[in-house]
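See below for the structure under consideration.
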Amino acid sequence: MLHIKRTVLAMVAAAGLAAAAPSFAQQKSVALVTIVEHPALDAVRDGVKDALAKAGYEDGKALKWQYQSAQGNTATAAQIVRKFVGDKPDAIVAVATPAAQAAVAATKNVPIVYAAITDPVAAQLVPSFDASGNNVTGVSDKLDLSRQIDLITEIVPDAKRVGIVYNPGEANSVVVVQELRELLGQRGMTLVEAAAPRTVDVGAAGRSLIGKVDVFYTNTDNNVVSAFEALVKVANDAKIPLVASDTDSVARGAIAALGVNYRKLGEQTGEVVVRILNGEAPGTIASAVPQDLLLYVNPAAAVKQGASLSEAFIKKADQVVQ
């Protein structure tokens, strides 16, 4: 009889402990969709997952984690998001503009946290960078384009014609092109554009600019970053310096980039997701931008593309890619 009483008391005590356990011990669900896989967006995904794990939301334990890539196809992104919405996760993380636009179109109820989007306002994800009041918030990778032009002229001091390959169907890229065109004009420079609506178009678009530009500049256009080696080959063959805004592109052949550490941006995004999992409404969380920019330099790429880098420039780099 005494044994039975002890067993009952133990069961009651266990039930009490379970009731008192922190809320995140109850499994939460996060679904992440990205428009395409490339080093920068992969780093965002990994950063999000790391931030969740550090907060106690570890995949397979306190967290059910789902991840899918649309492989560059916007229709596929819409299908993925519809499936995620049907699963009723606690949050959807949408990486890059087309994925986020698909998510916003699919639900007004499930919290959406966007990441790696240059202009979420122009992409019609949020009305402003202030708290949206709806189910959307996130972290932008918006850059100061004046500083990007400073980088271009530091590498190619006599540059007058800046070539850019971009996807005219990506809202982020359209915004960057418009602003860059205006800022370059203020400095007596011009922007020469070539469209690459698909990743397979990147190389041909780059070749169409040979003889028309003094330097290439690439923003974080997903088609271009996905097929970056094709543009690097054009730059190397034609001896046209290539400057990027994506730091991961420097190891792939750009001379330099002043840009976001996408792993840290992913961690920053993950911290926003944690706040939502812990009970905050996405509409009360203002959109954010990265805190710091990093300068990556690749001296070997400069040699291949006919550019001369000063020792002072190389020394101020946060990372020199060998």
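The values are calculated or read from the model by the stated rules, or taken from the named source; none is laboratory data. All values reported here derive from a predicted model rather than from experimental measurement. FYI the Cβ positions are ideal-geometry reconstructions off the backbone, even for glycines, and counts take in every protein chain you see. Each accessible area value is taken on the protein alone, full model and side chains, heavy atoms only, with ligands, DNA and RNA left out. Shrake-Rupley method; radii C 1.70, N 1.55, O 1.52, S 1.80 Å.
Summed over segment 295-315, residues that are under 17 Å from residue 242 (Cα atoms) and either open to solvent by 10 Å² or more (accessible area, probe 1.4 Å) or assigned to a strand (DSSP E or B) (or both) total 14.
Whenever a residue of segment 262-281 is surrounded by fewer than 21 Cβ atoms within 10 Å (Cβ to Cβ), its partners that are assigned to a helix (DSSP H, G or I), lying with C-beta atoms within less than 6 angstrom and at least six residues away or across chains, give the pairs 263/43; 263/47; 271/51.
Here is the figure for segment 80-94: residues that are in a helix (DSSP H, G or I) and open to solvent by 30 Å² or more (accessible area, probe 1.4 Å) total 5.
Of all residues in segment 306-322, those being touching a strand residue (DSSP E or B) at 6+ places or on another chain (Cβ under 8 Å) and either on the phi > 0 side of the Ramachandran plot or among the β-branched types (Val, Ile, Thr) (or both) number 3. Residues considered: 183, 242. Of these, the only one that is within 20 Å of residue 314 (Cα to Cα) and either modelled with pLDDT under 95 or not polar (S, T, N, Q) (or both) is 242.
Considering segment 204-263, the qualifying strands (runs of 3 or more DSSP E), each wholly inside and each with 1 or more residues that are among the hydroxyl-bearing types (Ser, Thr, Tyr) and in contact with a helix residue (DSSP H, G or I) (Cβ under 8 Å, 6 or more places away or on another chain), run over 215-218, 242-246. Taking the options 121, 136, 175, 192, name whichever one is open to solvent by 10 Å² or more (accessible area, probe 1.4 Å), β-branched (Val, Ile, Thr) and assigned by the TED database to the domain that holds residue 284. Only one candidate passes the filter, namely 121.
Answer yes or no: is there a residue in segment 156-172 that is touching a Phe, Trp or Tyr at 6+ places or on another chain (Cβ under 7 Å), closer than 16 Å to residue 259 by Cα and either assigned by the TED database to the domain that holds residue 41 or open to solvent by less than 30 Å² (accessible area, probe 1.4 Å) (or both). No - not one qualifying residue is present in segment 156-172.
Every listed requirement among (1) closer than 21 Å to residue 57 by Cβ; (2) part of a loop (DSSP other than H, G, I, E, B); (3) not aromatic (Phe, Trp, Tyr) is met by residue 272 save one, (2).
The residues on offer are 143, 180, and the sole one that is open to solvent by less than 40 Å² (accessible area, probe 1.4 Å) and either in a loop (DSSP other than H, G, I, E, B) or polar (S, T, N, Q) (or both) is 143. Is one or more of the residues making up segment 258-265 of a type in the set (Gly, Ala, Ser) and at pLDDT 95 or above? So far as segment 258-265 goes, no, none of its residues is of a type in the set (Gly, Ala, Ser) and at pLDDT 95 or above. Condition first: buried (at least 17 other Cβ atoms within 10 Å of the Cβ) and closer than 18 Å to residue 279 by Cβ. Can you find one or more residues in segment 95-105 that meet it? No: segment 95-105 contains no residue that is buried (at least 17 other Cβ atoms within 10 Å of the Cβ) and closer than 18 Å to residue 279 by Cβ. Summed over segment 25-49, the residues that are open to solvent by 30 Å² or more (accessible area, probe 1.4 Å) and either among the aromatic types (Phe, Trp, Tyr) or under 20 Å from residue 99 (Cβ atoms) (or both) give a count of 6. Going residue by residue through segment 258-266, is there one that turns out to be among the hydroxyl-bearing types (Ser, Thr, Tyr) and over 20 Å from residue 174 (Cβ atoms)? Looking through segment 258-266, at least one residue is among the hydroxyl-bearing types (Ser, Thr, Tyr) and over 20 Å from residue 174 (Cβ atoms).
Selection within segment 202-226: residues that are open to solvent by 30 Å² or more (accessible area, probe 1.4 Å) and on the phi < 0 side of the Ramachandran plot. The member of this set that is nearest to the chain's Cα centre (by Cα) is 226.
Of the residues making up segment 162-193, those that are out of contact with any helix residue (DSSP H, G or I) (no Cβ under 9 Å at 6 or more places or on another chain), more than 25 Å from residue 125 (Cβ to Cβ) and not hydrophobic (A, V, I, L, M, F, W, C) are 185, 186, 188.
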